[in-house]
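**Student:** One structure, pasted below without further comment.
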Amino acid sequence: MKLRATGGRIAGLRPRTMLMSGAAAAALLVSTALIAPSAHAAASTLGAAAAQSGRYFGAATNSFQLSNSAYATILNREFNSIVAENEMKWYANEPQQNSFSFSAGDRLVAHARANGMSVRGHTLLWHAQQPGWAQNLSGTALRNAAINHVTRVATHYRGQIHSWDVVNEAFADGGSGARRDSNLQRTGNDWIEAAFRAARAADPGAKLCYNDYNTDGINAKSTGIYNMVRDFKQRGVPIDCVGFQSHLGTTLASDYQANLQRFADLGVDVQITELDVAQGANQASIYERVTRACLAVTRCTGITVWGVWDAASWRDDNPLLFDGNGNKKPAYTSVLNALNSVSGPNPTNPPPTTTPPPPAGGACSASVSLNSWNGGFVATVRVTAGSAAIRGWTVRITLPGGAAVTGTWNAQASGSTGTVNFSNVGYNGQVGAGGSTEFGFQGTGTGPSGTPTCTAT
Ligand code: XIL
């Protein structure tokens, strides 16, 4: 029997044929499966094997599945990360506007904590699986509801989520490389960055990801996303990672790894977030090649499969690592062996280095760029050091009457109305001579005008 989520209205499930199209153009290169010598004894579970290189290996799950003991045995033994297959989606945790229902997601988080697993959060905003009330909103009402959703959910789970899929599937399929039309997109092209800023303000410790499918190689859609991420990095929009769902068919694009690498080169982590592969002769080798691609990209920090065993898959072509009886499939062995072929810590997570702080004194300046909509705004503030390095800063900004700060990222705010002092946090106080750093805040009402004052500390 298939275990399927039934927790609420499910919209936007794509037909299987669409899922497969991303890999269609690629020629299958049969990998040579050489196992490199390893400095340590092979680990016997996926999580332990991935941890050898500082990575996680996760699975999507639903709280109702935890009571199946055969299922839970495999989940707990093999995986050191979980993601909610459905229970952290908008329809599930805000079924009525401003009335939140966190219990199913909380059960998953509690299970993860009890079993030493990290949690991926999926997903704050998506055109599909929205509650009915949100589907009926548009314009400013929808924008405000969406940002409120991001803030409330990310605040509820603050400190408990390793990485959030802040925005899911916002790009169109096909050759345009453009955004997907949706009710969220129609609130304005800046909805994605507003969501990331709100998520950062609500949970500064979580990695914030953009997540999508049919991005399994260098193609028009992945390039559209690449351009957005590059733009976000250039403008200081807080994005930390890109998720590649990797719902795969019977072939894998030959540039799968090169595509991950080009995103990593933008300065974001990459993660394989929803891996499943059509059954058939190539299943084990595609799983292996995806695993090896991640291992070969320093900033690929983990892999999640979209379910534990075939019986629980959303697909009907047995795409997972365990069969319905809980037996390990050949694909399981190919993934485990690939993970065991790499040793040593992940160079993306080196121990922090300490450098002595610069002397007190020095000068700084600050400038604000505003993104406003009717009733709200997001302010991005650039702090630039003068001709000497600084060890800390405070930026003083006066808000117009009626305006209030509702969230701040990369800074500490002294209050929310009138004149507000924004001071550096632990990691961004030091700015080299002539260098700069950014912080931001979101508010209701009209954003500030004029040039703020900056004081070096
Ligand atoms: C799927 C779930 O697996 C199904 O149970 C549900 O009916 C529909 O959604 N991309 C995503 C996931 O980001 O949230 C989807 O999950 C699969 C495709």
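**Student:** For region 122-165, which residues satisfy the criterion of being in contact with a Lys or Arg (Cβ under 8 Å, 6 or more places away or on another chain) and within 14 Å of the ligand (Cβ to nearest atom)?
**Tutor:** Answer for region 122-165, where residues must be in contact with a Lys or Arg (Cβ under 8 Å, 6 or more places away or on another chain) and within 14 Å of the ligand (Cβ to nearest atom): H122, T123, W126, H127, Q129, S163, W164, D165.
**Student:** So which of T123, T61 ends up being hydroxyl-bearing (S, T, Y) and in contact with a Leu (Cβ under 7 Å, 6 or more places away or on another chain)? Step through it out loud before you land on a result.
**Tutor:** Numbers: T123 fails: in contact with a Leu (Cβ under 7 Å, 6 or more places away or on another chain).
Going through T123, T61 in turn, the sole match is T61.
**Student:** Checking the structure you have, find out if any residue of region 212-220 is assigned to a helix (DSSP H, G or I) and either without any contact (Cβ under 8 Å) to a residue 60 or more places away in the chain or within 19 Å of Q245 (Cβ to Cβ) (or both). Can you show your working first?
**Tutor:** Here is the first cut: in region 212-220, the ones assigned to a helix (DSSP H, G or I) are 220.
Pick out the ones that are also either without any contact (Cβ under 8 Å) to a residue 60 or more places away in the chain or within 19 Å of Q245 (Cβ to Cβ) (or both) and you get 220.
Yes; the residues of region 212-220 include at least one that is assigned to a helix (DSSP H, G or I) and either without any contact (Cβ under 8 Å) to a residue 60 or more places away in the chain or within 19 Å of Q245 (Cβ to Cβ) (or both).
**Student:** Give the residue that is nearest to the chain's Cα centre (by Cα), with candidates limited to residues of region 166-203 that are away from the ligand (no atom under 16 Å from the Cβ), surrounded by 17 or more Cβ atoms within 10 Å (Cβ to Cβ) and part of a loop (DSSP other than H, G, I, E, B).
**Tutor:** The extreme case among them is D203.
**Student:** Is it fair to say V395 is surrounded by 15 or more Cβ atoms within 10 Å (Cβ to Cβ), within 30 Å of R186 (Cβ to Cβ) and of a type in the set (A, V, I, L, M)?
**Tutor:** Details: surrounded by 15 or more Cβ atoms within 10 Å (Cβ to Cβ): yes; within 30 Å of R186 (Cβ to Cβ): no; of a type in the set (A, V, I, L, M): yes.
Taking the combined requirement at face value, the residue does not satisfy it.
**Student:** Shifting gears a bit: Considering only residues that are part of a strand (DSSP E or B) and either touching a residue at least 60 places away in the same chain (Cβ under 8 Å) or not polar (S, T, N, Q) (or both), which ones fall in region 436-452?
**Tutor:** Within region 436-452, E438, F439, G440, F441, Q442, G443, T444 meet the criteria.
**Student:** Using beta carbons and a limit of 7 Å, which pairs, at least six apart or on different chains, have the first residue in region 275-300 and closer than 25 Å to E85 by Cα and without any contact (Cβ under 8 Å) to a residue 60 or more places away in the chain and the second one aromatic (F, W, Y) and part of a loop (DSSP other than H, G, I, E, B)?
**Tutor:** Qualifying pairs under 7 Å: L275/W306; D276/W306.
**Student:** Filter region 246-269 down to the residues that are away from the ligand (no atom under 16 Å from the Cβ), aliphatic (A, V, I, L, M) and crowded, with 23+ Cβ neighbours inside 10 Å, then identify the one that is nearest to the chain's Cα centre (by Cα). Don't jump to the end; show me each part of the working.
**Tutor:** Initial filter on region 246-269 (away from the ligand (no atom under 16 Å from the Cβ)): 250-269.
Of the ones still in play, those that are also aliphatic (A, V, I, L, M) are 252-253, 258, 260, 264, 266, 268.
Now drop any that are not crowded, with 23+ Cβ neighbours inside 10 Å, which leaves 252-253, 260.
On the way: L252: 23, A253: 23, L260: 14 Å.
It comes out as L260.
**Student:** Restricting attention to region 3-26, does a residue exist that is more than 16 Å from the ligand (Cβ to nearest atom) and either charged (D, E, K, R) or at pLDDT 95 or above (or both)? If you could, list the steps in order and put the result at the bottom.
**Tutor:** Our first condition is that a residue be more than 16 Å from the ligand (Cβ to nearest atom); within region 3-26, this holds for 24-26.
Keeping just the survivors that are either charged (D, E, K, R) or at pLDDT 95 or above (or both) gives none.
Among the residues of region 3-26, not one is more than 16 Å from the ligand (Cβ to nearest atom) and either charged (D, E, K, R) or at pLDDT 95 or above (or both), which makes the answer no.
**Student:** Counting just the residues of region 217-245 that are closer than 22 Å to H122 by Cα and among the small types (G, A, S), which one comes out farthest from the ligand (Cβ to nearest atom)?
**Tutor:** Looking at residues that are closer than 22 Å to H122 by Cα and among the small types (G, A, S), I get G224.
**Student:** Here's another thing I want to ask about it. Working only within region 53-72, note down all residues that are away from the ligand (no atom under 16 Å from the Cβ), of a type in the set (A, V, I, L, M, F, W, C) and under 17 Å from W306 (Cβ atoms).
**Tutor:** F57
**Student:** Return the total of residues in region 65-91 being out of contact with any strand residue (DSSP E or B) (no Cβ under 8 Å at 6 or more places or on another chain) and in contact (Cβ under 8 Å) with a residue 12 or more places away in the chain.
**Tutor:** The first filter runs over region 65-91 and keeps only residues out of contact with any strand residue (DSSP E or B) (no Cβ under 8 Å at 6 or more places or on another chain), leaving 65-70, 72-73, 76-77, 86-87, 91.
Retained after the next criterion (residues that are in contact (Cβ under 8 Å) with a residue 12 or more places away in the chain): 65-66, 68, 70, 73, 76-77, 86-87, 91.
Result for region 65-91: 10.
The values are calculated or read from the model by the stated rules, or taken from the named source; none is laboratory data. The structure presented is a predicted model; accordingly, all values stated were derived computationally and were not measured. Here Cβ is always computed from backbone atoms with ideal geometry, including for glycine, and neighbour counts include all displayed protein chains.
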